[in-house]
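Before any comments, here is the structure.
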Amino acid sequence: METEYLDEEQVISLYNKVRTGKKTWPTGIWSSPAALQYAVTVFDYWIHNVMGWKGWPDARGKITPALLEEHRLADLVESVFVPEFGDDWLDFEVVLNESMRLSEDEGWAPDVSDRQERVEAAFEHAFEKLIGSPKQQPKLLPTYHRFRNHLLRMWSAFQEAQAEHDKAERESAERFWASLRLVRSSRGHAAEAWSIVNVDDERRGEVVMVWGEPHPYCVVVLDDDIEAGSWEQVIYRLEQEILVEEPGVVSYAVWHKGFVGEYYRCADCGELHSQFDEDTSNGLRLDDLEPPEER
């Protein structure tokens, strides 16, 4: 069965469940087009958030096979990193991470604007800094060329994963809105409301936007019959066709068979992130908000 594309937050959430023994990795996740992207996301999260290390260079001398087993990362390494990069995968990842950090620093090499060119130029700098100079140490040339080939292949893999992501989003949106539409139901100075209706004009959801300070606040309530997870399609449609605010400015409270969570659009990665680090729903349902005498 083909594995559904997961965004960064979903991958991290899944890893935390695997790490704590609540779940196992889905079949096929490490053979999917996005496997490399998933692996790097998980490992980067583990280094910074689980282990509390400053970065990949700091982790370089601390990672052991036993530690990988303990934190449920051994399968990831053996299934993705070793086949892709060889036994010195960690050295490559350290160089790659430093390359990406440099390439995203606007103050570094401001004359190089192309994204891929910046990554390649940053790689040259990072390799010399962390491994050594191939010009001064010719014995490093094979490693240099191998790492550079890894970099180009990894860039290609990320491009492919992004294409899969975009395709999945388009198909999901087409499925969701095929029989639904968003209709404005009211409009005031400080708030607006829309209804989600089907082809028979039956309501399947409500959206209310309050134009308050310090930023707008949006409440999305979906009918129980709506497919789980479809609330993201509602937010995407709002952002594309109605809202003019920058990503991350609007807070979204989502209700679907209970309280799903509160989210914002991350300006850095473009994904929707939870306002809370942990699940705050605790099984809360819309019925719980009604006065006792009305239940």
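Quick notes on this structure:
- In degrees, nearest ten, helix 231-241 long axis to first principal axis of the chain (Cα): 90 degrees
- The range 93-137 and the range 3-55 have Cα centres spaced 25 Å apart.
- Here's how it looks for Val250: its modeled amide H is under 5 Å from those of Arg265, which are all 5 or more places away or on a different chain.
- Cα-based shape type of the range 71-125, given that a ≥ b ≥ c are square roots of the gyration tensor eigenvalues and the cut on a/c is 1.5: prolate
- Over the chain, dividing the summed -39,500 (n - 2.57) contributions of all DSSP H runs of at least 4 residues by the number of residues returns a 222 nm mean residue ellipticity of -12500 deg cm²/dmol.
- The base-10 log of I(q)/I(0) for the range 14-70, evaluated at q = 0.13, 0.14, 0.21 Å⁻¹, reads -0.37, -0.43, -0.93 [Debye formula, identical scatterers on Cα atoms, solvent excluded].
- Look at where the Cα atoms of the range 60-78 and of the range 169-240 average out, and the two centres are 43 Å apart.
- Sorted by Cβ neighbour density within 10 Å, fewest at the top, the residues Arg115, Arg101, Arg72: Arg115, Arg101, Arg72
- For the range 8-173, the square roots a ≥ b ≥ c of the C-alpha gyration tensor eigenvalues yield an a/c of 1.5 or more together with a/b not exceeding b/c, which makes the shape oblate.
- Relative contact order [Cα under 8 Å, 6+ residues apart], the chain, whole percent: 10 percent
- Karplus (6.51, -1.76, 1.60) ³J(HN,Hα), θ = phi - 60°, over the range 79-85, in Hz, Gly and Pro reported as x: 8, 10, 5, 5, x, 6, 10
- Estimated FRET transfer efficiency when R0 is 51 angstrom, pair Glu69-His189 (beta carbons, to 0.05): 0.30
- Scaled against 2.2 N^0.38 Å for its residue count N, the alpha carbon radius of gyration of the range 121-190 is 2.18.
- Computed from Cα positions, the angle between helix 141-177 and the longest principal axis of the chain comes to roughly 10 degrees.
- The GluC sites (Glu not before Pro) found in the range 87-124 that occupy coil by DSSP, while having at most 15 further C-beta atoms within 10 Å, are Glu104, Glu106.
- Longest segment of the chain lacking chymotrypsin sites (Phe, Trp or Tyr not before Pro) that sit in a DSSP loop with at most 16 other Cβ atoms within 10 Å: 109-210
Only the coordinates and a few stated rules stand behind these numbers; no lab work does. Note that this is a predicted model, so its numbers are computed, not measured. Backbone-built Cβ (ideal geometry, glycine too); neighbour counts: all protein chains shown.
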